[in-house]
Amino acid sequence: MVNMLKPNAQPALLVLADGTTYRGWSFGAAGTTVGEVVFNTGMTGYQEVLTDPSYSGQIITFTYPELGNTGVNPDDEESATVQAKAVIARNVTDRPSNWRSTQSLPEYLRERNIPGIYGIDTRSLTRKLRDYGAINGGVSTEILDPEKLLDIVQQAPDMTGLNLVTEITTSQVYEWSEETEAEWEFASNANLERPLTVVAIDFGVKRNILRRLASYGCKVIVVPAHTPSAEILAYNPDGIFLSNGPGDPAAVTEGIAVTKELLEAKKPTFGICMGHQILGLSLGAETFKLKFGHRGLNQPAGLQKQIDITSQNHGFAIAAESLGADVEITHLNLNDQTVAGLRHKTLPFFSVQYHPEASPGPHDADYLFENFVKLMQEAKDS
């Protein structure tokens, strides 16, 4: 355990499902929580990561050793609350230094009832997760007996077969109009002139995806993941967007069924992360669970001439050998050669297994939103 004890620090315990135990100190809320323990290699953007709905059901280990230095602020939230079950850090500060900060990270987590544990050798933990794979674990400030906490952890369900979309999808339809703020806009061709209507199916959508669509001139209507295809088509959309989300994509059976029906309308369709997996499943492909997933801000993706450095967050992938002859791979994750992008050869459907909207991360792949807009314009003009 790393010795960075703060005044009045309370002990905390992390136990993995295989019995591995880490003792540290509490930051954030008191309590006990269980989830799948994963690691994120990003050096920035911890607030966007923690509020990304794709992390629902997971306990996040940050490999960067310092957490909380820039505090938190309301503008960087990717959803209405923290989605992670708990946070694991080597060191954390409660005295942030940043002009945008309105609150410290420990205060932010306490208000949202999210436990955190620091003083952990996160390098050792990350190496274990790489060797063993993502594994269930528990963080507690109340149960400091490893065997008792282990009993609780071992009762938790595995992520495979788990449909978490039902827990976080919007409960009602809403329209999104907020664009990327002018001082943060980086795309010279944003705000294309012709208004286009996009229906976004919310499997756990990030706010910045919606901002990027709005910035490219789209009227965005967000609907629950279980919305029938007839209701979606009643909006007469120019395009369908399939969002990111948590859990096992193959378990989101309603979303797959709806997407299959929507594809029959042959409207331009764009999927990101889980939306990529849902599109693949709807086209007849299969998915599988990665050993420890891809979670970070510098994942290289490409196929031939152009390589994008991308932000990624997923634990499942499409099996390349299961793709039909009418679907082609457009991108591979160049770290492990898993499918990172696909498109239909004759119909206007495409998707990527990474986050072109970033937040956090690089903007290399923002052009994909423009590509989606061009597909919709072409379909509208034809």
Original post:
In terms of the Cα gyration tensor, with a ≥ b ≥ c the square roots of its eigenvalues, is region 327-382 rounded because a/c is under 1.5, prolate because a/b exceeds b/c, or oblate?
Top reply: oblate
**OP:** Beta carbons within 10 angstrom, averaged per residue: use that to sort the peptides 15-24, 270-279, highest first.
**Re:** 270-279, 15-24
**OP:** Evaluate 2.2 N^0.38 Å with N set to the residue count of region 165-381, then give the Cα radius of gyration divided by it.
**Re:** 0.93
**OP:** Using amide H atoms built 1.01 Å from N in the peptide plane, name the residues 5+ places from Thr169, or on other chains, whose amide H lies under 5 Å from its own.
**Re:** none
Subject >> Label-point gap, in nm, between Ser322 and Asn335 - each point 7 angstrom along Cα→Cβ >> reply: 2.2 nm
Subject >> J(HN,Hα) series, region 44-54, from Karplus relation 6.51 cos²θ - 1.76 cosθ + 1.60, nearest Hz, glycine and proline x >> reply: 9, x, 5, 5, 4, 5, 5, 9, 6, x, 5
**OP:** Compute the projected area of the convex hull of the Cα atoms of region 94-163, averaged over all viewing directions, and report it in nm² to one decimal place.
**Re:** 7.4 nm²
Subject >> Backbone HN-Hα couplings from phi across region 129-137 [Karplus 6.51/-1.76/1.60, Hz, Gly and Pro as x] >> reply: 5, 5, 6, 8, x, 4, 8, 5, x
**OP:** Let me know the charge dipole size of region 11-153 about its Cα centre in debye, to the nearest 20, where only the beta-carbon of Lys, Arg (+1) and Asp, Glu (-1) is charged.
**Re:** 340 debye
Subject >> Computed over the chain: relative contact order in percent, which uses C-alpha pairs under 8 Å that are six or more apart >> reply: 15 percent
Subject >> FRET efficiency, Thr346 to Gln304 (Cβ-Cβ, R0 25 Å, nearest 0.05) >> reply: 0.75
**OP:** For the chain, just the Cα atoms, rotate onto the principal axes and tell me the three extents in Å, largest first.
**Re:** 67, 44, 42
Original post:
Once phi is turned into θ = phi - 60°, what whole-Hz ³J(HN,Hα) does the Karplus curve with 6.51, -1.76 and 1.60 give for every residue of region 29-35, x standing for Gly and Pro?
Top reply: 7, 7, x, 10, 9, 10, x
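All of the numbers you see were taken from the coordinates with simple rules; none came from a lab. Only a predicted model underlies this, so the values are computations on that prediction, with no experimental measurement involved. So basically every Cβ, Gly included, is an ideal-geometry build from the backbone, and we count neighbours across all protein chains shown.
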